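K.L.:
Just passing along the structure, written as structure tokens.
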Amino acid sequence: MRKCPKCGKYGETETQRFCNSCGMELFFPERFDDNKSVMNITVFHGSPRKNGNTRHATQIFMDELQKQGNVSFTEFYLPDALPVFCSGCTLCFSGKCCPNAQYIEPIIDEIMKSDALIFATPHYGACSMSGGMKTLLDHLDFFVLNVTPRKEMFDKKVFILTTAAGTTATIKPIKSFLKHWGLNRVYSLGLRLFTSEWTKMSSTKQAKFEKRIRMAAKKFYHVRKKRPYLSTVFYYHISKMIVRKYIGEGNYPYEYWKEQGFFKKRPF
Ligand SMILES: Cc1cc2nc3c(=O)[nH]c(=O)nc-3n(C[C@H](O)[C@H](O)[C@H](O)COP(=O)(O)O)c2cc1C
């Protein structure tokens, strides 16, 4: 049954569109594209401090998602889950096996199976995100539209969660990179904590942050698949031109695009 986002009541039939008691449009409580009963979510914990601020904030976010409905989490702790740098071999750009496949393949499998992804990282001044998170994103660069984009990406939603004093510097590059994967929606929340220990904040401050995290999680859970971003449409057309004109026949991205039918029909 569909659940009302306003009063929390359930409709009487599977197909009922509006709430009987308050008239709001009803949500399918289950998931993003309304087809499955469980929302599969892959979570990347980017802080090397396993019990640090980012983990704490992510835990609250996950807890709220669980309260909203049926969710299943697969969690990866960085850098443990991927303890090696990208070697720069570019084999992935040719559709070949990564030398770090033992680490990255299970991660890719989970991403593909997921309806939603969460990227959580502290802000590190040297290069915006933690080293573990940067290493993960380096290994996944071949997902970008002008190389070998995946059809599955166009249905997924993503949340970026960061903790620090300044958070825009972290969110901006991750968001802009992930949008190049063609993801349906990328949301974010930056928490300016001004402390390295969550518990050192006053209880009022802790409660304020917790409320913000829970509100964001609730919104994220219920958001439905939307039209692609205009930027996705734009990147797709630019990528099509790059792959066709500059990468060209005989090279892997071109052959991949051809095989997937992306030259003829856009994948979203
Ligand atoms: C190496 C390093 C660099 C950092 N650089 C910044 C920074 O430039 N700006 C900032 O606001 N916080 C910075 N911080 C603080 C952390 O981002 C902040 O304390 C964060 O909440 C820690 O998250 P964690 O407990 O999950 O590791 C830095 C922390 C470390 C360890």
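K.L.:
Please work out which residue is surrounded by the most Cβ atoms within 10 Å (Cβ to Cβ), limiting yourself to region 192-225 and to residues that are more than 30 Å from Lys3 (Cα to Cα) and touching a residue at least 60 places away in the same chain (Cβ under 8 Å).
P.N.:
Per the stated criteria, the residue is Leu193.
K.L.:
So, one more: Across region 43-96, which residue is surrounded by the most Cβ atoms within 10 Å (Cβ to Cβ) among those that are farther than 22 Å from Glu197 by Cα and of a type in the set (S, T, N, Q)?
P.N.:
Gln68
K.L.:
Which one of these is touching a helix residue (DSSP H, G or I) at 6+ places or on another chain (Cβ under 8 Å) and of a type in the set (Lys, Arg): Lys205, Lys200, Lys175, Lys225? So that I can check it myself, show each step before the final result.
P.N.:
On the way: Lys205 fails: touching a helix residue (DSSP H, G or I) at 6+ places or on another chain (Cβ under 8 Å); Lys200 fails: touching a helix residue (DSSP H, G or I) at 6+ places or on another chain (Cβ under 8 Å); Lys175 fails: touching a helix residue (DSSP H, G or I) at 6+ places or on another chain (Cβ under 8 Å).
After ruling out the rest, the residue left standing is Lys225.
K.L.:
Within the bounds of region 224-234, is there any residue that is aliphatic (A, V, I, L, M) and either within 26 Å of Gln66 (Cα to Cα) or part of a loop (DSSP other than H, G, I, E, B) (or both)?
P.N.:
no
K.L.:
Another one. From the list Thr204, Thr232, Thr167, which residue is β-branched (Val, Ile, Thr) and modelled with pLDDT under 95?
P.N.:
Thr167
K.L.:
To continue, here is another question. Going through region 102-128 one residue at a time, which ones are of a type in the set (D, E, K, R) and more than 11 Å from the chain's Cα centre (by Cα)? If you could, list the steps in order and put the result at the bottom.
P.N.:
Quick first cut of region 102-128, residues of a type in the set (D, E, K, R) only: 105, 109-110, 113, 115.
Once the filter is applied, which keeps residues that are of a type in the set (D, E, K, R) and more than 11 Å from the chain's Cα centre (by Cα), region 102-128 yields Glu105, Asp109, Glu110, Lys113.
K.L.:
Output the residue which, of all residues in region 142-198 that are of a type in the set (A, V, I, L, M, F, W, C) and in contact with a His (Cβ under 7 Å, 6 or more places away or on another chain), is farthest from the ligand (Cβ to nearest atom). Steps first, answer last, please.
P.N.:
Within region 142-198, the first condition is being of a type in the set (A, V, I, L, M, F, W, C), and the residues that meet it are 142-145, 147, 153-154, 158-161, 164-165, 169, 171, 174, 177-178, 181, 183, 186, 189, 191, 193-194, 198.
Then drop every residue that is not in contact with a His (Cβ under 7 Å, 6 or more places away or on another chain), which leaves 144-145, 164, 169, 198.
On the way: Val144: 27, Leu145: 30, Ala164: 3, Ala169: 8, Trp198: 8 Å.
The residue in question is Leu145.
The values are calculated or read from the model by the stated rules, or taken from the named source; none is laboratory data. Keep in mind that this is a model prediction, so the values were computed, not measured. Cβ coordinates were reconstructed from backbone atoms using ideal geometry, including for glycine residues, and neighbour counts include every protein chain displayed.
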